[in-house]
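Inspection log for the structure reproduced underneath, given as structure tokens.
The values are calculated or read from the model by the stated rules, or taken from the named source; none is laboratory data. For clarity, every value in this text was computed on a predicted model and none was experimentally measured. Using ideal geometry, Cβ is built from the backbone for each residue, glycine included, and neighbour counts are taken over all protein chains shown. These area figures cover heavy atoms from the full protein model, side chains too; ligands, DNA and RNA do not enter into them. Shrake-Rupley method; radii C 1.70, N 1.55, O 1.52, S 1.80 Å.
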Amino acid sequence: EISTIKIGAYKLIINYLGYKDYVIEKLLIIPPDKINQDIGIIKVEEDSKVLQEVQIVGEKALMQLQADKKVFNVEKSALSAGGSVVDVLRQTPTVDVDADGNISTRGSGNLQVYINGKPSGITGANKQAVLDAIPASAIESIEIMNNPNAKFDAEGEAGIINIILKKNYTKGINGSVYVGYRTVYKNSI
């Protein structure tokens, strides 16, 4: 029902989302003595040119600030193609890595390294060797927590670096073997 139409001649086009337009070619004339007109039942066809497929793609921001941590998404970074965790940490804001591979935040190297939210057991002496063994391509994100919440045990620490590995990454054992050779001479007297 269309109300408040003025007297005159009209071309009627019916359109609706997902259906083909229906056009009545003959002009519809509304005379002064016959304002109410019945044009009957109109059948409209579905439009087969409606969208075939819609793809919605969302990407994480390179850095996300949350209430208790800063999250750096490594997957979209160019560093994830090669290198190790230490190389990624060198490019991570708020983290300092010196030439010897010592890691610090806010000027203190007294921090803990977690992997997937669990203490890694990496200590100062072997920290660089262990982190060099983890390829950058295995990392999803790095979380920097300067003031960790109660979930983490960070008493007296400068903070926590939590390395989140990709879920589909194949787990295995990485390690290094150092072999040395020494000759001992006995002095015969």
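A few remarks follow.
- Counting only strands (runs of 3 or more DSSP E) wholly contained in the stretch 24-126, the ones carrying 2 or more residues that are among the aliphatic types (A, V, I, L, M) and modelled with pLDDT of 75 or more occupy 63-65, 95-97, 111-115.
- Where a residue in the stretch 3-18 is without any contact (Cβ under 8 Å) to a residue 12 or more places away in the chain and its partner, wherever it lies, is surrounded by 11 or more Cβ atoms within 10 Å (Cβ to Cβ) and hydroxyl-bearing (S, T, Y), with Cβ under 8 Å and at least six apart: I13/Y22; N15/Y22
- You will find that of E53, E45, the residue that is under 30 Å from N73 (Cα atoms) and of a type in the set (D, E) is E53 and no other.
Here's the yes/no breakdown for (1) touching a Gly at 6+ places or on another chain (Cβ under 8 Å); (2) open to solvent by 40 Å² or more (accessible area, probe 1.4 Å); (3) modelled with pLDDT under 65:
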| site | (1), (2), (3) |
| --- | --- |
| A136 | yes, no, no |
| I142 | no, no, no |
| N162 | yes, no, no |
| K167 | no, yes, no |
| I189 | no, yes, yes |
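- Complete set of residues in the stretch 130-151 that are in contact (Cβ under 8 Å) with a residue 24 or more places away in the chain and assigned to a loop (DSSP other than H, G, I, E, B): I134, N146, N147, P148, N149
- Single condition I13 does not satisfy, out of (1) part of a loop (DSSP other than H, G, I, E, B); (2) loosely packed, with under 10 Cβ neighbours inside 10 Å: (1)
- Hits in the stretch 31-49 (condition: surrounded by 11 or more Cβ atoms within 10 Å (Cβ to Cβ) and either among the hydroxyl-bearing types (S, T, Y) or closer than 16 Å to I13 by Cβ (or both)): V44, D47
- For the stretch 22-45, the criterion of a residue being in contact (Cβ under 8 Å) with a residue 12 or more places away in the chain and either of a type in the set (S, T, Y) or touching a Cys at 6+ places or on another chain (Cβ under 8 Å) (or both) is satisfied by at least one position.
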